[in-house]
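First up is the structure itself, then whatever we jot down about it.
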Amino acid sequence: MELKRLLICGTAALALAGMAQAEPVKVGMITTLSGGGAGLGVDTRDGFLLALKNAGDAGKEVELVIEDDQQKPDVAVQIADKMIQSEQVDVLTGIVWSNLAMAVVPAAVAQDKFYLSTNAAPSQLAGAGCNPKYFSVSYQNDNLHEAAGAHATDAGIGKVFIMAPNYPAGQDSLAGFKRYYKGEVVSEVYTQVGQTDYAGEIAQIRNSDADAVFFFLPGGMGIAFMKQYAESGVGKPVIGPAFSFSQDILPAVGDAALGVKNTAQWAKDLDNPANKAFVETFQAEYGRLPSLYAAQAYDTANLLLSAIAKADVGDADAFRAALAEADFPSVRGKFSFGPNQHPIQDYYVREVVKEGDVLTNKIIGPAMTDHGDAYAEQCSM
């Protein structure tokens, strides 16, 4: 099986003042660059690369190897094994999908490799399965859905139909929503991963007495559902996490997304210097607005660079401590790690709007402040 591969090398010898590494830190990025989830992986890759470029000479301390997991767990495992055993990477990152993360991360950290998650953060790795070498820089899978549940409660929505794909992130999403939603869940439906026909689910929504629909369908799944839902004329308002209304998929969804409320820990209009610089340079570099996936990867790269400047990756304890400090200017503004090395951060309600001819999101208010996750107390680190 041929695997797409990209190698970005740092300088062969680094004599930069104040830098902790004698040679570049080798990073293996496993992400989705083909198939229906490719947009998510492309933004992950591009956000990470932009951070390295914007860092100037410091960015040259990273030697980055990028490969396409094709959204297949067995391919991701094959790539990870090669990166660890043959490429001898120091750090792994980049996986978008939680089923792939569960296939790769436990084995990687067991082999003493650091894993920095740009996206997928299943509950199993936040609680009892936490590990000193695993950091989630994005969120914990439940978090954006918890914020959606809190928003639905605050908005006075009495009855909700909830739906997600049947894989770890989908299960976490509905658990998270229910944790903070105080109304009635009239139906809880799990769809197939990669599903593109939602006629049956839409019929169930039509026949339900739900006041609104909450769904988590990332990538091409969300595009397909929203287009079919708009055409169905059902008309019940929808709420989602940012994944279902991310910048990378809004052009494909089209005007059907206008006015939809969704929840996130980031938006392009967050008012802080790091975010303004990120959005401006991303547009200049790639000719499009960044998505949540790009923002998370940008932060991940900058976290990594902050640790590289303080400690040698070969000194695992020191390097872990440097990562845990989260001493970098996050595009999210306020950012820190909890005891299970998952973020403590603010969450917002966003609305899909049109700026000129461009569909995008704007923040309309807070959803949760200084929010951690429900699994930290199960972590024994």
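The values are calculated or read from the model by the stated rules, or taken from the named source; none is laboratory data. Computed from a prediction, not measured in an experiment: that's the story for all the values here. Every residue, glycine among them, receives a Cβ derived from its backbone with ideal geometry; neighbour counts consider all protein chains shown.
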Next item on the list: Output the number of residues of segment 320-358 satisfying the condition of being within 23 Å of Lys26 (Cα to Cα), of a type outside the set (A, V, I, L, M) and in contact with a helix residue (DSSP H, G or I) (Cβ under 6 Å, 6 or more places away or on another chain).
Entry: 4
Check: Is there a residue being surrounded by fewer than 16 Cβ atoms within 10 Å (Cβ to Cβ) and acidic (Asp, Glu) anywhere in segment 210-229?
Finding: no
Notebook entry, point to check: Among the candidates Gly333, Gly314, Gly365, which residue alone is outside the structural domain of Gly259 (by TED's automatic domain parsing), closer than 26 Å to Phe282 by Cβ and out of contact with any Gly (no Cβ under 8 Å at 6 or more places or on another chain)?
Noted result: Gly333
Checklist line | Residue count, segment 335-366 (criterion: in contact (Cβ under 8 Å) with a residue 12 or more places away in the chain and more than 17 Å from the chain's Cα centre (by Cα)) | finding: 15
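Yes or no, residue by residue, for (1) in a helix (DSSP H, G or I); (2) modelled with pLDDT under 95; (3) touching a strand residue (DSSP E or B) at 6+ places or on another chain (Cβ under 7 Å):
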residue	(1), (2), (3)
Ala307	yes, no, no
Asp317	yes, no, no
Ala321	yes, no, no
Tyr347	no, no, yes
Lys354	no, no, no
Gly365	no, no, yes
Thr369	no, no, yes
Asp373	no, no, no
Glu377	yes, no, no
Next item on the list: Give the residues of segment 45-76 that are of a type in the set (A, V, I, L, M, F, W, C) and either touching a Leu at 6+ places or on another chain (Cβ under 6 Å) or part of a strand (DSSP E or B) (or both), sorted by residue number.
Entry: Ala55, Ala58, Val62, Leu64, Val65, Ile66, Ala76
Item checked: In segment 173-223, residue farthest from Phe161 (Cα to Cα) [restricted to those that are part of a helix (DSSP H, G or I) and among the β-branched types (Val, Ile, Thr)] -> Ile223
Check: Taking Ala257 and the conditions (1) modelled with pLDDT of 95 or more; (2) more than 19 Å from Ala38 (Cβ to Cβ), which numbered condition does it fall short on, given that it satisfies the others?
Finding: (1)
Next item on the list: Out of Ile79, Ile84, report the one residue that is in contact with a Leu (Cβ under 8 Å, 6 or more places away or on another chain), buried (at least 20 other Cβ atoms within 10 Å of the Cβ) and farther than 22 Å from Tyr298 by Cα.
Entry: Ile79
Check: Only one of (1) assigned by TED's automatic domain parsing to the domain that holds Val62; (2) buried (at least 17 other Cβ atoms within 10 Å of the Cβ) fails for Gly372. Which number is that?
Finding: (1)
Next item on the list: Select from segment 107-126 the residues that are part of a helix (DSSP H, G or I) and in contact with a helix residue (DSSP H, G or I) (Cβ under 8 Å, 6 or more places away or on another chain) and write down the one among them that is surrounded by the fewest Cβ atoms within 10 Å (Cβ to Cβ).
Entry: Ala107
Notebook entry, point to check: Of all residues in segment 339-369, which are of a type in the set (Ser, Thr, Tyr) and surrounded by fewer than 13 Cβ atoms within 10 Å (Cβ to Cβ)?
Noted result: Thr369
Item checked: Residue match in segment 135-142 (condition: assigned by TED's automatic domain parsing to the domain that holds Ala294, in a loop (DSSP other than H, G, I, E, B) and closer than 13 Å to Val91 by Cα) -> no
Notebook entry, point to check: When you go through (1) without any contact (Cβ under 8 Å) to a residue 60 or more places away in the chain; (2) buried (at least 16 other Cβ atoms within 10 Å of the Cβ); (3) farther than 30 Å from Ala374 by Cβ one by one for Ala307, which number turns out not to apply?
Noted result: (3)
